[in-house]
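> The structure follows.
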Amino acid sequence: MSSPTGPANGLPVRMPRPRQTGRHRRPEPAVAPEGAPALVLAVPGAPSAASRGIAEEIISIGRSELPGLDARVGFLDGDDATEFPSLSGVLTAVARDRAARAEAARAAGQEVPAPTGPDAVVVPLLAGPDGDLLRRMRQALMDSSAAAELADPLGPHPLLAEGLHVRLSEAGLARADRARLFSVTTAADGIVLATTGGEEAVQAAGITGMLLAARLAVPVMAAALDEEGSVAAIADQLRREGSTQLALAPYLVGPEAAEGLLDTACKEAGCSAADVLGAYPALGKLAVAQYSAALGITLGAAAH
């Protein structure tokens, strides 16, 4: 039993840790301000339970990075009559909810400041710029009744290079840590970084590819999954330049790639593949970072 002054039997009392001061103190976590725009994650591709699971996990990480964040998921090819609501439908709901909150506050006699900023910031669930998908997302914004802004895709970014490295190591195609002395007999000596979205997407993937090459100390070249023969051509180039054991690293979150694209590319290139990025934890940080960048603000919880 404990006494009014502390635990019995001489048990130590846990005291709160003093707040660290000076330049080594930890930054206070950012919190979404009241009335901040919603973050709507735009999911491309055919809606499925798998793509919804990826999106919801990324949203969950985003909320932990920025407590109080109103974060939702909208599907580019969704249907509001199903469990996969459309992007335009979710944006319209965001605007409706914002107006309802303001009306409820006025009814309660509270002063309601004029709204500032958009109703929502739409963050594309894309590792890089896919022109066709981004055009369709802009159209969804126009089709909604919300005032919304479209943020940039999640990459290129060093955290995506980290995620690619992790996925390759999970597949036994790269060492988890260059500093370790043991070798992985299946480790690749050349990486095909495969993306979708055409030439602009390939160029953007190449930036992350350079970061991945620095991590692995092997050549990395980007190719277009949705351009016939592109992956095979890059694989041939890597082999001509001396690589003998190739691996394919999908520069994809997952939902944006049509079913079967990766399998076909692996067969054409004659190599094994790592898994897509999926719900790699850094993607939640990047989503919050793109949200804050679109609003022109700096958040301590954004990706570093």
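> Take Ala151 and decide whether it is modelled with pLDDT under 95, aliphatic (A, V, I, L, M) and either open to solvent by less than 70 Å² (accessible area, probe 1.4 Å) or more than 19 Å from the chain's Cα centre (by Cα) (or both).
Working: modelled with pLDDT under 95: no; aliphatic (A, V, I, L, M): yes; either open to solvent by less than 70 Å² (accessible area, probe 1.4 Å) or more than 19 Å from the chain's Cα centre (by Cα) (or both): yes.
When the stated conditions are applied, Ala151 does not pass them.
> Could you count how many residues in the range 55-83 are in contact with a Gly (Cβ under 6 Å, 6 or more places away or on another chain), open to solvent by 30 Å² or more (accessible area, probe 1.4 Å) and either of a type in the set (Lys, Arg) or within 25 Å of Asp132 (Cα to Cα) (or both)?
Counting residues in the range 55-83 that are in contact with a Gly (Cβ under 6 Å, 6 or more places away or on another chain), open to solvent by 30 Å² or more (accessible area, probe 1.4 Å) and either of a type in the set (Lys, Arg) or within 25 Å of Asp132 (Cα to Cα) (or both) gives 1.
> Further, regarding this structure: For the range 228-243, which residues satisfy the criterion of being among the charged types (D, E, K, R) and in a loop (DSSP other than H, G, I, E, B)?
Narrowing the range 228-243 to residues among the charged types (D, E, K, R): 228, 236, 239-241.
Those that are among the charged types (D, E, K, R) and in a loop (DSSP other than H, G, I, E, B): Glu228, Glu241.
> Could I ask something else about it? For the range 228-254, what are the residues that are open to solvent by less than 30 Å² (accessible area, probe 1.4 Å) and either touching a helix residue (DSSP H, G or I) at 6+ places or on another chain (Cβ under 7 Å) or among the basic types (Lys, Arg) (or both)?
If the condition is that a residue be open to solvent by less than 30 Å² (accessible area, probe 1.4 Å) and either touching a helix residue (DSSP H, G or I) at 6+ places or on another chain (Cβ under 7 Å) or among the basic types (Lys, Arg) (or both), then Val231, Ala232, Ala235, Leu246, Ala247, Leu248, Ala249, Pro250, Tyr251, Val253, Gly254 are the ones that fit.
> Determine which member of the set Ala102, Ala140 is more than 24 Å from Val253 (Cβ to Cβ) and either in a loop (DSSP other than H, G, I, E, B) or open to solvent by less than 50 Å² (accessible area, probe 1.4 Å) (or both).
Details: Ala140 fails: more than 24 Å from Val253 (Cβ to Cβ).
So the residue among Ala102, Ala140 that is more than 24 Å from Val253 (Cβ to Cβ) and either in a loop (DSSP other than H, G, I, E, B) or open to solvent by less than 50 Å² (accessible area, probe 1.4 Å) (or both) is Ala102.
> Among the residues of the range 209-227, write down those that are farther than 15 Å from Ser169 by Cβ, assigned to a loop (DSSP other than H, G, I, E, B) and open to solvent by 20 Å² or more (accessible area, probe 1.4 Å).
Residues satisfying the conditions are Pro219, Asp226, Glu227.
> A follow-up question, please. Quick check: is even one residue across the range 200-215 more than 25 Å from the chain's Cα centre (by Cα) and either under 28 Å from Ala42 (Cβ atoms) or modelled with pLDDT of 95 or more (or both)? Write out each step before concluding.
Residues of the range 200-215 that are more than 25 Å from the chain's Cα centre (by Cα), as a first pass: none.
No, the range 200-215 has no match at all.
> May I ask you to list pairs of residues, at least six apart or on different chains, whose Cβ atoms are under 7 Å apart, with the first in the range 83-97 being among the aromatic types (Phe, Trp, Tyr) and the second being buried (at least 18 other Cβ atoms within 10 Å of the Cβ) and modelled with pLDDT of 95 or more?
Listed by first residue and then by second, the contacts come to Phe84/Pro47; Phe84/Phe75; Phe84/Gly78.
> Is it the case, given these coordinates, that Pro156 is surrounded by 15 or more Cβ atoms within 10 Å (Cβ to Cβ) and more than 20 Å from the chain's Cα centre (by Cα)?
On the way: surrounded by 15 or more Cβ atoms within 10 Å (Cβ to Cβ): yes; more than 20 Å from the chain's Cα centre (by Cα): no.
The answer is no for Pro156.
> If you don't mind, another one. Tell me the residue from Ala294, Ala257 that is touching a Pro at 6+ places or on another chain (Cβ under 9 Å), open to solvent by 20 Å² or more (accessible area, probe 1.4 Å) and either in a loop (DSSP other than H, G, I, E, B) or within 22 Å of Ala50 (Cα to Cα) (or both), please. Walk me through it before giving the result.
Numbers: Ala294 fails: either in a loop (DSSP other than H, G, I, E, B) or within 22 Å of Ala50 (Cα to Cα) (or both).
Matching residue, one of Ala294, Ala257: Ala257.
> Only residues that are part of a helix (DSSP H, G or I), loosely packed, with under 13 Cβ neighbours inside 10 Å and not charged (D, E, K, R): list them for the range 105-130, please.
Taking the range 105-130 and keeping what is part of a helix (DSSP H, G or I), we get 105-107.
Remaining after also requiring loosely packed, with under 13 Cβ neighbours inside 10 Å: 106-107.
If the condition is that a residue be part of a helix (DSSP H, G or I), loosely packed, with under 13 Cβ neighbours inside 10 Å and not charged (D, E, K, R), then Ala107 is the only one that fits.
> Can you give me the number of residues within the range 30-63 that are over 16 Å from Lys285 (Cβ atoms) and among the hydroxyl-bearing types (Ser, Thr, Tyr)?
2
> Ok, one more. So which residues in the range 249-295 are among the aromatic types (Phe, Trp, Tyr) and closer than 14 Å to Val123 by Cβ? Steps first, please.
Initial filter on the range 249-295 (among the aromatic types (Phe, Trp, Tyr)): 251, 280, 291.
Listed by number, the list holds a single entry, Tyr291.
The values are calculated or read from the model by the stated rules, or taken from the named source; none is laboratory data. Owing to the predicted nature of the structure, the values given are computational and were not obtained by experimental measurement. Don't worry about glycine lacking a Cβ; one is built from the backbone with ideal geometry, like all the others, and counts go over all protein chains shown. Accessible surface is based on the protein model in full, side chains and every heavy atom, while ligands, DNA and RNA are left aside. Shrake-Rupley method; radii C 1.70, N 1.55, O 1.52, S 1.80 Å.
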